[in-house]
Amino acid sequence: MSSTAIVISFFIEVMIQAFTNVFSVEQIKQAQELYTSLSAEQRLWLSGYLSGLNQSGALLDGVAVNGNGASVLGGNGSEVVGVVEEVQLTILYGTHTGNSKLLAQKASDLAQSNGAKVSMVSMDEYKSRKLKEEQNLLVIVSTHGEGDPPASAEDFYSYIFGKKAPKSGSLNYAVIGLGDSSYAKFCQTGRDIYDQLKKLGANNVHDFVELDVDFKDNIGTVLPSVVSNFTKSVVQPQVQEVVKDLGAIDSDQWVEVEVLDKVLLNGRGSKKETYHIELDIEDAGLVYKPGDALEVVSFNSPSLVREILKNLDINEDEQVEIAGVTKTIEQALITDYELTVVTNPVIKKYAEIAKNKDLDALIADNEKLQEYIYGADFLDLITHYPAQLDAASLIGFLRKLPARLYSISSSYEYNPDEVHITVGAVRYELNDRKHHGVCSGFLADQINPGETVNVRIKNNDGFRLPEDKQAKVIMVGPGTGIAPFRSFLQEREVTEAEGGNWLFFGDQHFETDFLYQTELLQFRSEGLLTQLDVAFSRDQKEKVYVQDRMKEHGAQVYDWLKQGAYFYLCGDMNKMAKDVKKELVNIIEAHGKMTKKDAAAYLKEVRAEGRFQEDVY
């Protein structure tokens with residue numbers, strides 16, 4: 001007898017044992033004959049068909065079966081047990097802002113409701129050597145900036161690309177990547193992991209999934225599709241309830257709050273435009289912690305929208321329908337769609353309509369494409385590569401306008417009636433035209449004290465003050481990176497934390513760009529700020545940055561780390577953050593008398609202890 005026949009025979013015996021108390025021998029025989037005649041794809045389609053009949057009450061109505069397998073509900077609410085063998089599924093998530101964790105929890109709920117036994121683990125807590133023992137693995141991971149893994153995913157990422165990575169021929173896996181398509185390397189971390197696991201011999205049970213900033217609109221379809229490839233069982237009514245709730249990722253609803261004050265922090269003559277904005281949250285029900293961010297809903301500039309519609313020869317009053325709501329195309333573009341950023345998916349969808357050879361050639365050269373879309377807005381695109389569009393087709397490929405995140409620059413304990421943010425207005429010249437950031441421009445130009453904005457709190461559990469009030473704190477935050485550290489200092493004052501506080505701050509000019517100068521100097525005079533070191537890069541011939549100040553005080557920085565200090569970094573990820581981390585390793589190497597490798601390992605241990613945290617963007 002062949003191995004296939006043996007497996008089929010064993011399967012038939014199990015079926016008979018499980019169902020003889022419910023179905024007649026003749027019914028079971030018929031089911032066996034049908035099942036063994038079907039391909040894997042046909043069996044999957046049949047399971048879905050039976051599920052549909054069951055949910056309508058046309059089949060298995062009122063049946064209750066007890067035995068081994070996945071427990072589900074029948075059409076009238078009675079229990080029905082499938083013959084699916086319990087699946088062991090590991091869900092690994094790597095996150096920066098928390099979205100991957102939330103998505104992993106939803107996937108876990110769905111898989112468990114579908115009969116699987118689930119282990120959900122953060123990548124920074126996962127023992128990578130267990131990978132060779134896994135049979136089913138779902139990875140949900142975000143991409144940080146231009147293709148980098150989030151801090152929590154770095155070890156796992158390095159492991160699977162290293163020499164110790166195991167051959168994984170028995171592993172079934174799927175990967176869901178989260179990212180922002182405005183970045184060139186959209187979902188790159190997820191794609192790298194997907195490709196590498198395949199190279200290691202693992203079996204992909206689902207194609208790689210990319211989710212953009214509007215991922216909540218798609219997960220109700222994506223998660224059941226991915227999870228069902230592991231559970232191999234039918235999504236039944238109580239699982240449908242889980243699916244129905246998949247869109248409810250955020251626990252807090254949007255809250256309309258009043259702008260109390262808006263103050264320009266830069267002095268006259270500065271090349272920068274940074275605003276301190278205070279919002280009234282008294283009776284709003286919002287509570288936050290130092291390190292959290294504020295999501296702000298913004299709108300596009302009406303003048304930009306009018307220019308786009310004029311260019312496309314679309315009437316501003318033409319009606320369109322969005323999620324069941326009818327709006328004018330002008331209003332829809334102001335409130336609902338991304339216009340100040342051109343993403344790779346948008347430009348490629350536009351090219352399909354434009355049918356422009358020059359645009360097709362641009363898209364074919366990825367390096368030139370990324371150079372073109374950097375800083376470009378949608379008006380640039382339609383000006384350089386004209387196309388005939390109507391209102392409906394226009395909104396059909398534009399990306400939804402996402403809310404923007406700003407680090408909170410106040411302490412709730414210090415002032416529970418307000419929340420403050422520090423906003424750097426993004427303005428620049430490109431293609432002989434002024435451009436601006438959508439939310440920073442909205443807050444700078446369209447919103448004034450007395451008006452309202454919609455906001456909600458975005459928790460950031462990976463950027464928290466130490467619980468130990470005796471612990472020392474080192475903060476590095478140039479430019480608007482100062483925001484969370486203003487919150488930290490207020491919190492440390494109101495909670496009477498006794499550990500030392502050391503701030504490194506940098507910007508362009510002392511006279512015009514020393515953000516929160518009066519407050520910081522007051523904190524220092526009161527003793528709350530143990531040490532304040534500043535770097536103003538353009539005040540001397542040779543540029544000086546925060547990492548240069550760190551180097552000057554290297555021995556003391558290392559001494560604080562040895563004493564258990566927590567090190568925090570906030571600001572630009574592309575240049576500043578990398579330079580600061582590089583210098584920190586140099587400091588550990590020099591003053592700890594270590595090799596470069598040992599110094600990097602030391603910093604890795606500090607991070608693992610939760611004493612190195614970053615909030616970079």
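Residue-wise test of (1) modelled with pLDDT of 95 or more; (2) crowded, with 21+ Cβ neighbours inside 10 Å; (3) hydroxyl-bearing (Ser, Thr, Tyr); (4) closer than 24 Å to MET550 by Cβ.
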position	(1), (2), (3), (4)
ASN454	yes, no, no, no
ASN459	no, no, no, no
LEU465	yes, yes, no, yes
LYS469	yes, no, no, no
PRO478	yes, yes, no, yes
PHE485	yes, yes, no, yes
ARG492	yes, yes, no, yes
GLU496	yes, no, no, no
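Looking across LEU369, LEU398, LEU379, one residue alone is touching an Asp or Glu at 6+ places or on another chain (Cβ under 6 Å), hydrophobic (A, V, I, L, M, F, W, C) and modelled with pLDDT of 95 or more. It is LEU379. In summary, ASP417 fulfils each of the numbered conditions (1) at pLDDT 95 or above; (2) under 28 Å from GLU256 (Cα atoms); (3) buried (at least 22 other Cβ atoms within 10 Å of the Cβ) with the single exception of condition (3).
Any residue at all in the range 135-148 that is surrounded by fewer than 22 Cβ atoms within 10 Å (Cβ to Cβ), on the phi > 0 side of the Ramachandran plot and assigned by TED's automatic domain parsing to the domain that holds ASN203? Yes, there is a match, as at least one residue in the range 135-148 is surrounded by fewer than 22 Cβ atoms within 10 Å (Cβ to Cβ), on the phi > 0 side of the Ramachandran plot and assigned by TED's automatic domain parsing to the domain that holds ASN203.
Can you say whether LEU260 is modelled with pLDDT of 95 or more, hydrophobic (A, V, I, L, M, F, W, C) and either farther than 30 Å from GLU316 by Cα or not assigned by TED's automatic domain parsing to the domain that holds CYS439 (or both), as far as the supplied structure shows? Criteria met by LEU260.
Is it the case that some residue within the range 120-128 is closer than 22 Å to ILE347 by Cβ, modelled with pLDDT of 90 or more and either of a type outside the set (Lys, Arg) or surrounded by fewer than 16 Cβ atoms within 10 Å (Cβ to Cβ) (or both)? Checked the range 120-128: no residue is closer than 22 Å to ILE347 by Cβ, modelled with pLDDT of 90 or more and either of a type outside the set (Lys, Arg) or surrounded by fewer than 16 Cβ atoms within 10 Å (Cβ to Cβ) (or both).
Surrounded by fewer than 19 Cβ atoms within 10 Å (Cβ to Cβ), of a type outside the set (D, E, K, R) and within 25 Å of GLU125 (Cα to Cα) - does that describe any residue in the range 532-547? No, because not a single residue in the range 532-547 is surrounded by fewer than 19 Cβ atoms within 10 Å (Cβ to Cβ), of a type outside the set (D, E, K, R) and within 25 Å of GLU125 (Cα to Cα).
Scanning the range 497-506 turns up one or more residues that are polar (S, T, N, Q) and either touching a Leu at 6+ places or on another chain (Cβ under 7 Å) or closer than 15 Å to PRO466 by Cβ (or both).
Filtered by the rule that a residue be crowded, with 21+ Cβ neighbours inside 10 Å and in contact with a Gly (Cβ under 9 Å, 6 or more places away or on another chain), the range 216-227 gives a lone residue, ILE219. Counted as qualifying within the range 295-414 are the strands (runs of 3 or more DSSP E) with 3 or more residues that are within 24 Å of the chain's Cα centre (by Cα) and crowded, with 18+ Cβ neighbours inside 10 Å, namely 404-407. Taking the range 508-617 as the region of interest, the helices (runs of 4 or more DSSP H) fully inside it that hold 2 or more residues being among the β-branched types (Val, Ile, Thr) and modelled with pLDDT of 95 or more are 578-591. Checking ILE329, ILE353 one by one, the residue that is within 24 Å of ASP313 (Cβ to Cβ) and touching a residue at least 60 places away in the same chain (Cβ under 8 Å) is ILE329 and no other.
Of the strands (runs of 3 or more DSSP E) that lie entirely inside the range 123-235, those containing 3 or more residues that are among the aliphatic types (A, V, I, L, M) span 136-142, 172-178.
Check whether at least one residue in the range 577-592 is in contact (Cβ under 8 Å) with a residue 40 or more places away in the chain and in contact with a Phe, Trp or Tyr (Cβ under 9 Å, 6 or more places away or on another chain), and report yes or no. Among the residues of the range 577-592, at least one is in contact (Cβ under 8 Å) with a residue 40 or more places away in the chain and in contact with a Phe, Trp or Tyr (Cβ under 9 Å, 6 or more places away or on another chain), which makes the answer yes. Inside the range 156-180, residues that are crowded, with 20+ Cβ neighbours inside 10 Å and closer than 23 Å to LYS216 by Cα make up a count of 7. Checked against the criterion of being assigned by TED's automatic domain parsing to the domain that holds TYR372, in contact (Cβ under 8 Å) with a residue 60 or more places away in the chain, within 28 Å of GLU146 (Cβ to Cβ) and not acidic (Asp, Glu), the candidates ASN311, ASN344 yield just one match: ASN344. All of (1) assigned to a loop (DSSP other than H, G, I, E, B); (2) among the polar types (S, T, N, Q); (3) surrounded by 15 or more Cβ atoms within 10 Å (Cβ to Cβ) hold for THR422 with one exception: (1).
The values are calculated or read from the model by the stated rules, or taken from the named source; none is laboratory data. Since the structure is predicted, the reported quantities are computational estimates derived from the model, not experimental observations. Here the Cβ is made from the backbone with ideal geometry for all residues, glycine too, and neighbour counts use every protein chain on show.
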